[in-house]
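Asker: Quick one: the structure is below, questions incoming.
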Amino acid sequence: MKQLLKHICLGLFVTLLVSNPSRVFAQNLRTSDYGRGNIEAMSNALEQVGTNPYSAATEYDENGNPITPTEEADSAKVKIKKPLESYFFSDSLRGERFIHWNISTKTNNINLLPLDTLLDDFQSDYLFLKKDVGDAYLGPLGGASVPLNFFRRPDSRNFNFVDGYYAYLFTPENAPFYNTKEPITRLGYISGGQKKMMEENLNVVHAQQISPSLGFNVTYNNQNTRGIYNWQRSKVKDLSMGVSYTGKRYTLHAGYIFNSISRRENGGLVNDWDITDTVHESSLNIPMRLTDAENEARNNTFYLVHSLGVPLVRILPEDFSIAGKPSFYIGHALTWEKWGKKYTDTRQGTIYDVYDKQGEKLSTEEFYTNWYINPNYTNDTIAESLLSNRIFLQLQPWSRESLVAVVDAGIGLDVHSYYHFRMDDYLTGFRKHNEEEFYVYGAAQGKFKKYFDWNADLRFVPLGYRSGDIEAGGDVSLSLYIKDRPITLSGAFDFYNRTPSYWSQSYFSNHFAWSNSFAKENESRLEITLRAPHWKAEAGLYQSILGNRVYYDAAALPQQASDVVSVSGAYLRKDFALGKFHFNHRVMLQWSTDQKVVPVPLASAYLSYYWEGEAVPDVLTLKIGLDGWWNTKYYAPGYNPATMQFHNQREQEIGEYPMINAFVAAQWKRARLILQYQHANQDLFDTRAFFNIPHYPLNMRVLKFGISWNFYD
């Protein structure tokens, strides 16, 4: 209870700093940009009408809606507030109560997103389980994970040590922005388990307008577990603060991001049979391989994207936007970010005894083979910073709704700084190593009414670090309508030839050291998808050809594949409804020509069966059902704490264990509540092999409760 009160007070304090006293609890579900087409449902729902209902003789209310003049209003000389003016938002969007979006830091565009207020996927508090068929993960909330779907796996070349936490972290590309007709505050809290093992998920969101075009927002997330198993505590904190100005000609998006990861690393089970063949009175009695190892990683990011639009034709006073006029835009983007990581352990804490099932000691093992710097303890610290400056120009020949809507071009300079010890001079102390790269990029996009849209982009590095790198891509979408219900066929192609991550080539620490000179990696990827939102159906085919693929091998060391690897995938989603009963299915099939380089399960699935209906009409909606995740056996990636990296182990196949959660979710006016029995199927089947990652068992069954609430002033 004290912990709950502490979190509630923290949330209220953050809220009071930025708003009026009346506020609300709600869970914030961040929507990350995993690829093209992820906002089609939102775009279809907010299809632009293409007309301007305003005239010079019309007065407007504070939301930009026209009002009819009256003699009483004229005599009273009512002062009308300035309406929302922006080339980002059409007339239909201007009337929306809330608008939610992300920005593109490379072009003068935004990505519209739905606002999280419904029961859809609300029952799952693990963010990485909300996407298609889910992730393989270390067990608790706040732990690292890797998508089962290869085509959704993160592939960062900048500080890739934290790739396993992709689902939690804020970046300038996924930081949220809002335009609201009234202030909104959302606060949410979900917790479960005994006090000493408790998992907690706290979310705070506040968004408010200063004027129709100027607003700010604050989002804070705190997701942590105290640990169901020994030495398992983890905590991820994320803060995003943003300011946006979306005017008729000038736009600005600026913000600050803070990400923090703190985790006790237990290295997994000493003996897997402590889970598979034995029932312990307490999970805390099960021995682990590491007893004092810890990882801490922190990030600070400041970013700014702003642009000025210059119309090429006359703009009338009644025009609230230049989106429909020939124009050009000139803009600038600035990003500074820094990541730091520290790993600590002692030699004594990495030594463990192995026993057989009868209690006889078999051997004494050490988790790490090498101790390069100090034979008794580890204190590895590394850091990376990036200063990025970009200038871009966007040409709008006709309007943003034309077949050639906008053409983008830009230049940029990135300055990378790497802070670490080197193998040849670690005794002299920390070293800073700088690399610079100059690049050019371009993009174009367009559409024909609501039936066809396309885009293409290109990025090339002619000078400096990563010289010769090239990235290109494009996609097209064709939509047909049956009784105003869209069916969309999309195709996307991406290609890159680029320098591998700096850290995969140069790294020195107490347990791992390497110095590599890898060739450029390349990939050609084709995606074809068919979506029918009204029928709640989606199908996709995916193909990747990978050359010079860099991966982490069974010894957790980076290697480069000598042969080309092909990865194929097929995805199907279909949701059925029989009255108030719903049967949702997501299935992924995948094939890899070299499982040692790219391991994937042959089949993965997420199923959700539930009943949803109004218990009290227009007041209380209930959702009662089961969620389940399953995949076939494969050599699932292992995890190494010292590098925070997943690697391709070849000791043990993992899979064929269903993870099932039972839940009751409710929406009562502005409040949402959840009662979840996580891992409800434990001990219901003949197997107890509940592992996603070798030696890292999933959480034991636990009852969770959560509440979220929306307040609008």
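Asker: Checking a compactness column here: for the chain, what do you get for Rg(Cα) / (2.2 N^0.38 Å), N being the number of residues? Can you show the working numbers first?
Answerer: Numbers: Rg = 26.6 Å, N = 713, 2.2 N^0.38 = 26.7 Å.
That ratio works out to 0.99.
Asker: Go ahead and run the numbers for FRET between Ile315 and Ser92, Cβ-Cβ distance against an R0 of 25 Å, rounding to 0.05.
Answerer: Values: r = 21 Å, r/R0 = 0.82.
In this case the efficiency is close to 0.75.
Asker: Specify whether the C-alpha gyration tensor of segment 168-278 places it in the rounded, prolate or oblate class, a ≥ b ≥ c being the square roots of the eigenvalues: rounded for a/c under 1.5, otherwise prolate if a/b is larger than b/c and oblate if not.
Answerer: It is prolate, given that a/c is not under 1.5 and a/b is the larger ratio.
Asker: Please arrange Asp457, Asp484, Asp345 by counting, for each residue, the other beta carbons lying within 10 Å of its beta carbon, fewest first. Walk me through the numbers before you get to the answer.
Answerer: Values: Asp457 18, Asp484 7, Asp345 25.
Neighbour counts put them in this order, fewest first: Asp484, Asp457, Asp345.
Asker: Among Asp319, Asp683, which comes first, then next, by fewest other beta-carbon atoms within 10 Å? Spell out each step's value before the answer.
Answerer: Details: Asp319 17, Asp683 12.
So the ranking, lowest neighbour count to highest, is Asp683, Asp319.
Asker: Further question on the same structure: Over the chain, what is the relative contact order in percent, taking alpha-carbon pairs closer than 8 angstrom and at least six residues apart?
Answerer: Details: 1891 pairs, mean separation 82.6, N = 713.
It rounds to 12 percent for the chain.
Asker: Would you mind classifying segment 560-713 by shape? Square roots of the alpha carbon gyration tensor eigenvalues, ordered a ≥ b ≥ c; an a/c under 1.5 is rounded, otherwise it is prolate if a/b is larger than b/c and oblate if not. All intermediate terms of the calculation are to be shown ahead of the outcome.
Answerer: Working: a/c = 2.23, a/b = 1.94, b/c = 1.15.
The shape class here is prolate.
Asker: Just subtract the alpha-carbon distance of Glu360 and Ala555 from 0.36 nm times their residue separation and send over the number in nm, one decimal. Don't jump to the answer; show the numbers that get you there.
Answerer: On the way: separation 195, 0.36 × 195 = 70.20 nm, distance 2.84 nm.
Extra length from Glu360 to Ala555 when fully extended: 67.4 nm.
Asker: Hey, another quick one. Can you give me the C-alpha center-to-center distance between segment 81-108 and segment 313-372, rounded to a whole angstrom?
Answerer: Segment 81-108 and segment 313-372 have Cα centres separated by 30 Å.
Asker: Now for a separate question. Over 23 Å between C-alpha atoms is what I'm after, so list which of Lys623/Lys669; Lys131/Lys520; Lys130/Lys623; Lys181/Lys704 land there.
Answerer: On the way: Lys623/Lys669 14 Å; Lys131/Lys520 30 Å; Lys130/Lys623 17 Å; Lys181/Lys704 34 Å.
Checking Cα-Cα distances, Lys131/Lys520; Lys181/Lys704 exceed 23 Å.
Asker: Against the longest alpha carbon principal axis of the chain, how many degrees, from 0 to 90 and to the nearest 10, is the axis of helix 2-18 turned?
Answerer: 30 degrees
Asker: Using the count of nearby Cβ atoms within 10 Å as a rough guide to exposure, how do His582, His253 rank from fewest to most? Spell out each step's value before the answer.
Answerer: Numbers: His582 17, His253 24.
If I rank by nearby Cβ atoms, fewest first, I get His582, His253.
Asker: Set the Förster radius R0 to 22 Å, insert the Cβ-Cβ distance between Lys580 and Val616 as r into 1/(1 + (r/R0)^6), and round the FRET efficiency to 0.05. Please report the intermediate quantities before stating the final value.
Answerer: Details: r = 15 Å, r/R0 = 0.66.
Step by step, r from the Cβ atoms, then E = 0.90.
Bear in mind that the values in this text are calculations on the coordinates, not laboratory data. Note that the coordinates shown come from a computational prediction; the quantities given were computed from them, not determined experimentally. With ideal geometry, Cβ positions are generated from the backbone for all residues, glycine too; neighbour counts draw on all protein chains shown.
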